[in-house]
Amino acid sequence: LLLNDYTATMIVEEYSLDPLALQRLLYQLDRMGLIDQTPGNQVRLKVARGLRWRAGGPIRRFFDLQVREEFLRAQFDQPGDQFNFLSGMLSESSVALLRRRLAALAAEFEQLSKADGLLPVDKRHGFSLMVASRNWTFSLFDRFKRLR
């Protein structure tokens, strides 16, 4: 929530979290070096919005076990939903080009999120964009592949 420009006051108002419990959580984030708590219940982030998770780290494990699963469980059939899964055979130069474009898309998302963070909460809504790519062939094809 802090990464989405929520203040401590906004968190207490919108979620069932009492102020003392929130203060304990903020204190833990402060001790971890992720935020600075300032007078008047203000918080200053010490991490970038687009922070990278450590492979195998606790946040990445949480994401793998819960967030990704819940996000992809959707049918993507609601107004505004979009789902594209594309697969093909590409050259290294095409892969490099797409990776640059995906990085640019992620950067644009971060810029828009930061700019929209200045808007009141009632003028924004949760929106998630998953960008993933890798060299991959569906395992179903493996059993039909000729041995050479």
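The values are calculated or read from the model by the stated rules, or taken from the named source; none is laboratory data. Owing to the predicted nature of the structure, the values given are computational and were not obtained by experimental measurement. Ideal geometry is used to build each Cβ from the backbone, glycine not excepted, and the neighbour counts take in all protein chains shown.
Based on what the data block shows, is Ser87 surrounded by 10 or more Cβ atoms within 10 Å (Cβ to Cβ), touching a residue at least 12 places away in the same chain (Cβ under 8 Å) and part of a loop (DSSP other than H, G, I, E, B)?
Spelling it out, it is not the case that Ser87 is surrounded by 10 or more Cβ atoms within 10 Å (Cβ to Cβ), touching a residue at least 12 places away in the same chain (Cβ under 8 Å) and part of a loop (DSSP other than H, G, I, E, B).
For segment 1-56, which positions are more than 27 Å from Ala107 (Cα to Cα), surrounded by fewer than 14 Cβ atoms within 10 Å (Cβ to Cβ) and either touching an Asp or Glu at 6+ places or on another chain (Cβ under 9 Å) or of a type in the set (Gly, Ala, Ser) (or both)?
Ser16, Ala21, Gly40 - these are the residues of segment 1-56 that are more than 27 Å from Ala107 (Cα to Cα), surrounded by fewer than 14 Cβ atoms within 10 Å (Cβ to Cβ) and either touching an Asp or Glu at 6+ places or on another chain (Cβ under 9 Å) or of a type in the set (Gly, Ala, Ser) (or both).
Restricting attention to segment 37-45, does a residue exist that is β-branched (Val, Ile, Thr) and part of a helix (DSSP H, G or I)?
no
Is there any pair linking a residue in segment 105-123 that is of a type in the set (Ser, Thr, Tyr) to one that is surrounded by 11 or more Cβ atoms within 10 Å (Cβ to Cβ) and part of a helix (DSSP H, G or I), with Cβ under 9 Å and at least six apart or on different chains, and which?
If the second residue must be surrounded by 11 or more Cβ atoms within 10 Å (Cβ to Cβ) and part of a helix (DSSP H, G or I), the pairs left are Ser113/Leu3; Ser113/Asn4.
Show the residue pairs meeting these rules: Cβ distance below 6 Å; 6+ apart or different chains; first residue within segment 132-146 and over 14 Å from Arg99 (Cβ atoms); second residue surrounded by 10 or more Cβ atoms within 10 Å (Cβ to Cβ) and of a type in the set (Gly, Ala, Ser).
So the pair list comes out empty.
Does any residue of segment 124-135 turn out to be more than 20 Å from the chain's Cα centre (by Cα) and at pLDDT 90 or above?
Yes; the residues of segment 124-135 include at least one that is more than 20 Å from the chain's Cα centre (by Cα) and at pLDDT 90 or above.
Every residue in segment 114-148 that is more than 23 Å from Glu69 (Cβ to Cβ) and part of a helix (DSSP H, G or I), please.
Lys114, Ala115, Asp116, Val121, Asp122, Lys123, Phe141, Asp142, Arg143, Phe144
Which of (1) surrounded by 10 or more Cβ atoms within 10 Å (Cβ to Cβ); (2) farther than 27 Å from Asp30 by Cβ is the odd one out, the single condition Ser139 does not satisfy?
Condition (1) is where Ser139 drops out.
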